[in-house]
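Structure first, commentary second.
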Amino acid sequence: MGVVLYFLNSETLVIKDSLDKDERSALLTGLPPLGAPDVGQIVCSCFNVGAKTILTAIKEKGLTTHQQVGQCLKAGTNCGSCVPEIKALL
Ligand code: FES
């Protein structure tokens, strides 16, 4: 018996004893589970923030710098290795 930890999205960490079929499929394919929002390919692994989440924030909030993205989503505010990808999305 083990414990499974995975991020459902950038804000929700799931802790379970086992996974159902859909959750297992999502974990193996890298696609969101049924009903979960598609955050896109993960850009910021420190905070589990996806490209679609970043692009939506850029568009809806008019973000123009990676610092603003960091203030809004935390992406890019830890190790910084994702900053070039965030800049590419801007
Ligand atoms: S990967 Fe984004 S801050 Fe570390």
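Throughout, read-outs are computed from the coordinates displayed, never taken from laboratory work. In this text the structure is predicted, and so the values were computed from the model without any measurement. Every residue, glycine as well, gets a Cβ built from its backbone with ideal geometry; the counts of neighbours run over all protein chains shown.
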Subject >> Residues of the stretch 62-79 with amide N under 20 Å of a point placed 7 Å along Cα→Cβ from LYS87 >> reply: 63-79
Subject >> Cβ-placed point charges (K, R +1; D, E -1), dipole of the chain about Cα centre in debye, nearest 20 >> reply: 260 debye
Original post:
With springs only between Cα atoms under 10 Å, which of GLY76, GLY40, GLY30 fluctuates most in a Gaussian network model of the chain?
Top reply: GLY30
Subject >> Under-5 Å amide H pairs with VAL49, H placed in peptide plane, nonlocal only >> reply: VAL43, CYS44
**OP:** State the extension gain, in nm to one decimal, for the chain segment bounded by LEU19 and ASP38, taking 0.36 nm per residue of separation less the distance between their alpha-carbons.
**Re:** 4.9 nm
Original post:
For the chain, what is the calculated [θ] at 222 nm in deg cm²/dmol (nearest 500), taking -39500 (n - 2.57) for each run of four or more DSSP H residues and dividing by its residue count?
Top reply: -11000 deg cm²/dmol
